[in-house]
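The values are calculated or read from the model by the stated rules, or taken from the named source; none is laboratory data. What you are looking at is a predicted structure, and each value in this text was computed from that prediction instead of being measured. Cβ sites come from the backbone with ideal geometry, for glycine too, and all protein chains shown count toward neighbours.
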Amino acid sequence: MKLIFMDFEKIFTIDNLDIFDSLKDKFVNSECNKLWLQYEEFWKKGLISNSECLTNQFNLLQLDNNSLKSYISRLKVNDRGFKNFFKLVKQNNKEYKFFIISENVDFIIRHIMKKVFDEKEFAILQSNCNLTEANIIGFLNQNWKNNEKDNNKENNEKILVFSNILNFIVYKKIKCHKNNKEIPLNCQKVFYPYKKLSLKKGDTKNTICKKCIKDIIVNYISRVKKAKDIKTIFIGANYTEGDIELAKSCDKVVTFSNNTLTSQLEMNNNDYTSISNFSDLITL
């Protein structure tokens, strides 16, 4: 059994485009550009969490669901042969299980993946409440173990996506002075289902440990690697601390050439395999 964990950022876009970062140039007022970059710098220095950075940056975006959908529809994608590779995965579903692990939001991921796949071929895990690490690990365990038993075949043939959730909310309506029609004012709210209540020594009951999904998957991989006949593979193209930790925890690291992740892996003297097409994974 091969468990394949893949990042979403820069995998399917042309020229390693980071879709979320590209929103700044399109939907952020020029006066707020410095503030966007300041949040990014605070996050890199560990002064704010990933969720705080993402929330603050989303608050700077002047968009609604239609304008975001329209922008994504114009982006060009490169599936890197992934669709053909995934057909092979489905034909041999006892050997492969695919998970996309992303700190991006479901809205963006869904509309990019619909350019590559039929919507029935992937499922985004969504929850209206905070999921604990035990919830997620239980789900992962159940999923690949069911895969071995050939149960729940329809769900096992899908790419399972873990991400944050973006909701567009109409919070106010104003009347247009020209035609007296009501115009909805939208705001976007990001929900993070992977926050965890942590009660460590010295903590109070109100202490919140903000863990992104990648941190939880790293813990999961350390447990799963103890099982026989389980190989874990990480595929990425973008550098974040979470990506590096995932890379270190998996048996094999696969990436595409000339991206921020390969540069960091080389700097840290970490082994990785560079591929040009997803079909190259067959030989791993």
Those residues that are surrounded by 16 or more Cβ atoms within 10 Å (Cβ to Cβ) and out of contact with any helix residue (DSSP H, G or I) (no Cβ under 6 Å at 6 or more places or on another chain), I need them from region 78-89; list them, please. Asp79, Phe86, Val89
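For region 266-276, how many residues are touching a strand residue (DSSP E or B) at 6+ places or on another chain (Cβ under 9 Å) and part of a loop (DSSP other than H, G, I, E, B)?
Narrowing region 266-276 to residues touching a strand residue (DSSP E or B) at 6+ places or on another chain (Cβ under 9 Å): 270-276.
Subsequent filtering for residues that are part of a loop (DSSP other than H, G, I, E, B) retains 270-272, 276.
Counting residues in region 266-276 that are touching a strand residue (DSSP E or B) at 6+ places or on another chain (Cβ under 9 Å) and part of a loop (DSSP other than H, G, I, E, B) gives 4.
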Within region 232-260, can you find the residues that are under 18 Å from the mean Cα position of the chain (by Cα) and among the acidic types (Asp, Glu)? Glu241, Asp243, Glu245
Some residue of region 26-46 being assigned to a helix (DSSP H, G or I), touching a strand residue (DSSP E or B) at 6+ places or on another chain (Cβ under 9 Å) and touching a residue at least 60 places away in the same chain (Cβ under 8 Å): no
Would you mind telling me which numbered condition in (1) surrounded by 14 or more Cβ atoms within 10 Å (Cβ to Cβ); (2) touching a residue at least 60 places away in the same chain (Cβ under 8 Å); (3) over 16 Å from Leu166 (Cα atoms); (4) not aliphatic (A, V, I, L, M) Thr55 fails? (3)
Inside region 54-71, the number of residues satisfying the requirement of being under 14 Å from Asn33 (Cα atoms) and part of a helix (DSSP H, G or I) is 3
Looking at Tyr192, is it touching a helix residue (DSSP H, G or I) at 6+ places or on another chain (Cβ under 8 Å), modelled with pLDDT of 80 or more and aromatic (Phe, Trp, Tyr)? no
Complete set of residues in region 233-283 that are touching a Lys or Arg at 6+ places or on another chain (Cβ under 6 Å) and surrounded by fewer than 17 Cβ atoms within 10 Å (Cβ to Cβ): Asp251, Asn277
Take Glu9 and decide whether it is surrounded by 15 or more Cβ atoms within 10 Å (Cβ to Cβ), charged (D, E, K, R), under 30 Å from Val116 (Cβ atoms) and within 19 Å of the chain's Cα centre (by Cα). yes
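Consider Ser73 carefully, then state whether it is under 21 Å from the mean Cα position of the chain (by Cα) and at pLDDT 90 or above.
On the way: under 21 Å from the mean Cα position of the chain (by Cα): yes; at pLDDT 90 or above: yes.
Yes.
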Among the candidates Asp229, Asp271, residue that is at positive phi and more than 16 Å from the chain's Cα centre (by Cα): Asp229
Which numbered condition in (1) buried (at least 17 other Cβ atoms within 10 Å of the Cβ); (2) of a type in the set (A, V, I, L, M, F, W, C); (3) modelled with pLDDT of 75 or more is the only one that Cys212 fails? (3)
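Out of the residues in region 1-21 that are in contact (Cβ under 8 Å) with a residue 24 or more places away in the chain and assigned to a helix (DSSP H, G or I), which is nearest to Cys250 (Cα to Cα)? First the steps, then the outcome.
Initial filter on region 1-21 (in contact (Cβ under 8 Å) with a residue 24 or more places away in the chain): 1-14, 16-20.
Keeping just the survivors that are assigned to a helix (DSSP H, G or I) gives 14, 16, 19-20.
Working: Ile14: 27, Asn16: 23, Ile19: 26, Phe20: 26 Å.
My answer is Asn16.
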Need pairs with beta-carbon distance below 9 Å; first residue of a type in the set (Ser, Thr, Tyr) and within region 100-112, second in a strand (DSSP E or B); sequence gap 6+ or separate chains. Ser102/Met6; Ser102/Val161; Ser102/Phe162; Ser102/Ser163; Ser102/Asn164
